[in-house]
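What follows is a single structure, written as structure tokens, with notes after it.
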Amino acid sequence: MKRRKKMIAMLLLVAVGLFTLTGCGGSGGSGGSSGSGDSSGSAEGGGSDAPAEDKPVTLMLGFQANTSSSEYKAAELLKEKAAEYSNGSITVELYPGGQLGDDRAMIDQVAAGALGMVFAETGRLGLWEPELEIFGYPFAFDDYDHLMRTLNDTEYGKGIYERLEARGWKILADAYNGTRQTTSNRAINSINDMNGMKLRVPNADANLAFANYSGAAATPMPFAEVYLALKTNAVDGQENPLSTIDAQKFYEVQDYCALTGHIINDNNYIISKIIYDGLSPAQQEAITRATVEAAEFHTQTFREDEESLIAKFEEQGMTITSPDRTPFREACSPMYEDYIEKYGDAAVKAIEEARG
């Protein structure tokens, strides 16, 4: 008898959960205003007229950065604005620091509708749409604006959003997430100074290629181990955006920072298409508007940080160098030859078309 009561209670909980997910208000007509990285100006839903008062919905947002990061500050703004613009009907819950799994697992969860939102780089989505790996290649883009022109102003880029949406990911906005630079325990004045350097990189093809093609010995290791490895000279250097170098205090254990500017990082604000389509038109507009504002703040924060951090690092005793990037770019060119052989030249042509 007890087991039967427990079973009934569980079924009731499941029913309530399904009602909460699907009963987020009627839908129909078009969604809200589009923003940076939006795949279209509207989003269609099913059903008829929206109710006078939208039913509450909770969106879980998962990401890798911790609570001291600029990403977290932007996520907090998203949470605040989503509640404001939806008249309290949308609650965004934040799960930083990989609480819900690594980024690959969370991206999959969003596509399945098991997770509301996630932050993800365009290049990272190459795990599912292999052609997109080029968006994480070293020296693919001159700067973040060039990357955004490729996505938003070329036919190839616009088609990317359609393909991602078909897989269950709706891109509401994209933000600048820093440019990767190289720190080391010896000066990098030219590409020749990379020879034999043990350079810690994440276990990702683009980062490994940058190190190896530049003449360094690529040394992948978990991020949590990097500070100690630098301190003990187990590795000679590492590469990350300036904001990460600051947050992790790598300036305490590295004497030099070379402005190699080899990879432009972006950060897509992705919502589950399944969940988005279950929102009312008013809620779709609210979450889109809130996301665009958060992404703009995200970009602004990273840009302002980069302007001030070089001076901070110099105050901390680091020497900043600016090696000629052309030899680095030329050294990495075989990556693009291999890419064209595998996927054709459509993406490469779009990148060149968008170059300022």
Between the modelled labels at E252 and K231 (7 Å from Cα along Cα→Cβ) the distance in nm is 0.6 nm
A chain fully extended from D108 to Y343 at 0.36 nm per residue, minus the present Cα-Cα distance, gains in nm 82.3 nm
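Among 326-334, 297-305, how do they line up from the highest to the lowest mean number of other beta-carbon atoms within 10 Å? Mind showing how you got there, number by number?
Details: 326-334: 15.2, 297-305: 18.0.
Peptide ranking by packing, descending: 297-305, 326-334.
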In the chain the DSSP beta bridges are antiparallel at a rate, in percent to nearest 5, of 55 percent
Here the convex hull volume per residue of the range 165-223, taken over Cα atoms and given in Å³, is 131 Å³
Rounded to the nearest 10 degrees, the helix 155-166 long axis (Cα) sits at an angle to the longest Cα principal axis of the chain of 50 degrees
Sequence order, the range 126-137: Karplus ³J(HN,Hα) from phi using 6.51 cos²θ - 1.76 cosθ + 1.60, θ = phi - 60°, Hz rounded, Gly and Pro as x, gives x, 5, 10, 10, x, 4, 6, 4, 5, 6, x, 6
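Starting from the coordinates of the alpha-carbon atoms of the range 26-353, obtain the Kirkwood hydrodynamic radius over all distinct pairs and give the value in Å to one decimal. Write down the numbers at each step before the final one.
Details: mean 1/r = 0.0485 Å⁻¹.
Roughly 20.6 Å, rounded to one decimal.
With a Förster radius of 45 Å, plug the Cβ-Cβ distance of A204 and E84 into 1/(1 + (r/R0)^6) and report the FRET value to the nearest 0.05. Intermediate values should be presented prior to the final figure.
Numbers: r = 37 Å, r/R0 = 0.82.
The calculated FRET efficiency here is 0.75.
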Sorted by chain and then number, the residues having a modelled amide H within less than 5 Å of the amide H of L59, at least 5 places away or on another chain, are T91, V92, E93
Between F141 and residues 5 or more places away or on another chain, the pairs with built amide H atoms under 5 Å apart involve I264
The FRET efficiency for D142 and N192, from their Cβ-Cβ distance with R0 = 25 Å and rounded to 0.05, is 0.55
Sequence order, the range 209-224: Karplus ³J(HN,Hα) from phi using 6.51 cos²θ - 1.76 cosθ + 1.60, θ = phi - 60°, Hz rounded, Gly and Pro as x, gives 5, 4, 5, 5, 5, 7, x, 7, 9, 4, 10, x, 7, x, 4, 5
Between the Cα axis of helix 2-22 and the main Cα principal axis of the chain, the angle (0 to 90°, nearest 10) is 70 degrees
With x for Gly and Pro, the residue-by-residue ³J(HN,Hα) of the range 268-277, computed from phi through the Karplus equation 6.51 cos²θ - 1.76 cosθ + 1.60 at θ = phi - 60° and given in whole Hz, is 6, 9, 10, 10, 4, 4, 4, 6, 4, 5
Count of lysine pairs, the range 26-353, Cα-Cα under 24 Å, sep. 8 or more residues or interchain, comes to 22
Those trypsin sites (Lys or Arg not before Pro) from the range 209-273 that are DSSP loop and have at most 16 other Cβ neighbours within 10 Å turn out to be K249
Quick calc: nm separation of the 7 Å Cα→Cβ label points for N212 and E76 -> 4.2 nm
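Every number in this text was worked out from the coordinates using simple rules, so none of it is lab data. Just so we're clear, the structure is a prediction, and the values are computed from it rather than from any experiment. Neighbour counts are summed over all protein chains in view; Cβ atoms, including those assigned to glycine, are modelled from backbone coordinates with ideal geometry.
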